[in-house]
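Taking it in order: structure first as structure tokens, then the write-up.
The values are calculated or read from the model by the stated rules, or taken from the named source; none is laboratory data. Computed from a predicted structure; not experimentally measured. Here Cβ is always computed from backbone atoms with ideal geometry, including for glycine, and neighbour counts include all displayed protein chains.
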Amino acid sequence: MLLRFTSPDMLNTSLVDVSTGERAYDITTELLPQSSESSPTTSVPFSGTDSVLLSPSEDFASTSSNVWRQPEPVESFENADLRRTQISDASGNVLVDVSWKGRRPDITICDEKIGGLADLFGSSAVRFMPKVLAIPTRFDTEYVWQATADSLFLFDYDTDSMKGSLHQNCIRIPGPLKSSKSKQSAPPTPALKRKPSKLHIFSSKSDAHLSATNDCEFVSSPSSPSPKSTFLPAHLPGLGSNYLEFESHPLALDVEIILSFLMMEILRRGRFSLTPYTFEKPTTWQFKEARESFFRRLRRNTV
């Protein structure tokens, strides 16, 4: 499935099915009035700068498994803004409801109470690696969300292939180009020097297990399927569009995969110190992101 975002604000947009041109989903986020009767949520918070980070006493480069941080209550939390994000289908049926208190999400999918991020991803521990954020899925033991400073994708270790990817600010060309292997903006599949199991990523038995994933170089994998479209980076903000491409899974609703991609994108921005997502003025942070992306490319080309 290939979906196009109609707005640069990923929490206020429609998703259009590229194959049919029809609107498939609507994502809306609204600010709610403060209510003194609302009970505080117990879900784990995240922000643009400290999402899924270690506790202050731990080293950021640590290779041990770390739980989603449970912060102590602070006074500002009581006065945090209340918001609601909903994902609806083309008929207007609400499939996902996310209640926010500040930046703490409380998630419900199709009347199933999920909870916070640890419940959405089915894991209370996250493996920290220098260049990769890897988080398991709750619906398949071999599916892992993988994020880098430049990419976000869903990887299947059973078939050694990508099952989903988020293409940001890209120009889509139907069909693969002859030279698309070097030009397409889709994130490459990690081909490791020795293929690790998923347990090697999330196990802390030995640092040797982690060395394969820490030192790996991201190159195109021969087992990756040929792309049906080519995505060229637009570089200038607003020139391209955002696309979400993924394969359906028999044990997960499509809308759960969509929501997980959105949450992973927010986590990715926090993990790699990128321009954080903000509920207000999405155009402003997109221009900031484009500027920072330009300087990152400039530094890479001059080193």
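At-a-glance table
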| quantity | calculated |
| --- | --- |
| Selection count, region 100-119, where residues are of a type in the set (A, V, I, L, M, F, W, C), in contact (Cβ under 8 Å) with a residue 40 or more places away in the chain and touching a helix residue (DSSP H, G or I) at 6+ places or on another chain (Cβ under 8 Å) | 4 |
| Residue pairs meeting the criteria (Cβ under 9 Å; at least 6 apart or on separate chains; first closer than 22 Å to G122 by Cβ, in region 255-281; second assigned to a helix (DSSP H, G or I) and among the aromatic types (F, W, Y)) | none |
| Condition check for F128: surrounded by 18 or more Cβ atoms within 10 Å (Cβ to Cβ) and more than 22 Å from L251 (Cβ to Cβ) | yes |
| First in region 230-247 and crowded, with 17+ Cβ neighbours inside 10 Å, second anywhere and at pLDDT 95 or above and acidic (D, E), Cβ under 9 Å, 6 or more apart | F231/E245; F246/D254 |
